[in-house]
Amino acid sequence: MTYTVKECFYTLQGEGFHAGRPAVFLRFSGCNLWTGRDADRSSAVCRFCDTDFVGVGPDGGKFETPDLLADHVAARWPAGSGGRRFVVCTGGEPLLQLDAPAITALHDRGFSVAVETNGTQPAPLGLDWICVSPKAGADLVLRTGHELKLVFPQEHPDGAPERFAQMDFTHFFLQPLDAKDDAVTRANTASAIAYCLAHPSWRLSVQTHKAVGIR
């Protein structure tokens with residue numbers, strides 16, 4: 001299998017349970033809910049995505065084996081820094097490519113392996129952390145994991161938090177939808193805060209990497 005990677009870089013996790021934790025972000029190219037082209041956004045299942053996952057970027061690449069992929073990730077972790085190595089596999093939709101051999105190769109290099117997925121694909125064995133971010137209107141296959149992080153609000157009725165509250169996740173987060181209009185973003189944030197206050201099983205997730213200006 002050839003792994004196609006948009007970008008791979010060392011940063012701090014910006015959102016969800018692990019916010020603030022140093023991590024290598026491994027962003028796979030491609031998604032099954034949107035082509036990534038603006039011309040196709042109006043017909044996409046997920047219309048609010050703000051991520052570029054098309055093609056290969058300067059710190060991405062195409063990797064013919066799991067070991068080559070894992071070596072590329074390991075080279076991003078600062079040498080001699082100590083700490084528990086952590087890689088976040090994201091996209092696009094990472095589970096279109098991430099498989100058990102790649103997870104094993106990352107484990108062999110000392111990484112805990114997390115995935116951020118839309119939940120439409122089954123999870124391979126060996127993942128250390130599963131974060132599912134459901135997209136309204138998509139068939140949710142992965143209904144168990146460590147963290148469910150719901151972008152809020154979503155127009156489709158399938159995107160209501162009540163649909164997911166009884167699923168088998170340890171942590172539940174609402175993340176305000178980041179709109180192009182700042183006033184709309186503020187309103188979405190206020191709505192998410194109000195929902196979390198009224199439903200204490202949910203926690204607020206803020207995209208801190210945007211707030212502090214890191215990649």
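The values are calculated or read from the model by the stated rules, or taken from the named source; none is laboratory data. Just so we're clear, the structure is a prediction, and the values are computed from it rather than from any experiment. Neighbour counts are summed over all protein chains in view; Cβ atoms, including those assigned to glycine, are modelled from backbone coordinates with ideal geometry. When the accessible area is computed, the model is the full protein with side chains, heavy atoms only, and any ligands, DNA or RNA have been set aside. Shrake-Rupley method; radii C 1.70, N 1.55, O 1.52, S 1.80 Å.
Taking every protein chain into account, the 1.4 Å probe leaves residue 162 with about 110 Å² of accessible area, to the nearest ten.
Across all directions, the shadow cast by the convex hull of the chain built on its C-alpha atoms averages 11.8 square nanometres. Using a/c under 1.5 as the rounded threshold, could you call region 99-169 rounded, prolate or oblate? The axes a ≥ b ≥ c are square roots of the C-alpha gyration tensor eigenvalues, and prolate needs a/b larger than b/c, oblate otherwise. Judged from the Cα gyration tensor, region 99-169 comes out prolate (a/c at least 1.5, a/b above b/c). Computed as a quarter of the hull surface, the mean projected area of the alpha carbon convex hull for region 18-106 stands at 6.9 nm². Computed 3J(HN,Hα) for region 204-215, one whole-Hz value per residue from the Karplus formula 6.51 cos²θ - 1.76 cosθ + 1.60 where θ = phi - 60°, is 7, 10, 10, 7, 5, 5, 6, 5, 9, x, 10, 6, glycine and proline marked x.
Taken about its Cα centre, the chain carries a charge dipole of about 400 debye when Lys and Arg each add +1 at the Cβ and Asp and Glu each add -1 at the Cβ.
Loop-located trypsin sites (Lys or Arg not before Pro) in region 58-159 (DSSP state not H, G, I, E or B) with no more than 12 neighbouring Cβ atoms inside 10 Å: 84. Placing a pseudo-label 7 Å from each Cα along the Cα-to-Cβ vector at residue 158 and residue 39 gives an inter-label distance of 2.7 nm. Note on region 99-140: Kirkwood radius taken over Cα pairs, Stokes-Einstein applied at 37 °C and 0.692 mPa s, translational D equal to 295 µm² s⁻¹. In order along region 78-86, the phi-based Karplus estimate (6.51 cos²θ - 1.76 cosθ + 1.60, θ = phi - 60°) of 3J(HN,Hα) comes to x, 5, x, 7, x, x, 7, 5, 9 Hz; Gly and Pro are listed as x. Potential lengthening of the chain between residue 199 and residue 182 amounts to 3.6 nm, from the contour at 0.36 nm per residue minus the alpha-carbon distance.
Proximity of backbone amide H atoms, modeled 1.01 Å from N, is registered between residue 21 and 13 at under 5 Å, excluding neighbours fewer than 5 places apart on the same chain. Only beta bridges with both residues in the chain are counted; by DSSP, about 30 percent of them are antiparallel. Modelled this way, with points 7 Å down the Cα-to-C-beta line, the labels at residue 65 and residue 21 are 3.0 nm from one another.
FRET efficiency for the pair residue 32 and residue 79, taken as 1/(1 + (r/R0)^6) with r the Cβ-Cβ distance and R0 = 30 Å, rounds to 0.25. Please work out the FRET efficiency for the pair residue 1 and residue 215, using the Cβ-Cβ distance as r and a Förster radius of 30 Å; give the result to the nearest 0.05. Approximately 0.65, to the nearest 0.05. Compared with the direct C-alpha span, the chain from residue 12 to residue 48 gains 10.7 nm at full extension, assuming 0.36 nm per residue. Taking a straight line from the alpha carbon of residue 135, these lysines sit under 25 Å away, with near neighbours fewer than eight places off in the same chain left out: 6, 149, 180, 210.
From helices alone, the chain scores -5500 deg cm²/dmol at 222 nm; the rule is -39500 (n - 2.57) for each run of n ≥ 4 DSSP H residues, then divide by the residue total.
Which whole-number percent gives the relative contact order of the chain, counting Cα pairs below 8 Å spaced six or more residues apart? Result for the chain is 18 percent. Which of the GluC sites (Glu not before Pro) found in region 1-105 are loop residues per DSSP with 11 or fewer other Cβ atoms within 10 Å of their Cβ? Within region 1-105, the qualifying GluC sites (Glu not before Pro) (loop, at most 11 other Cβ atoms within 10 Å) are 64.
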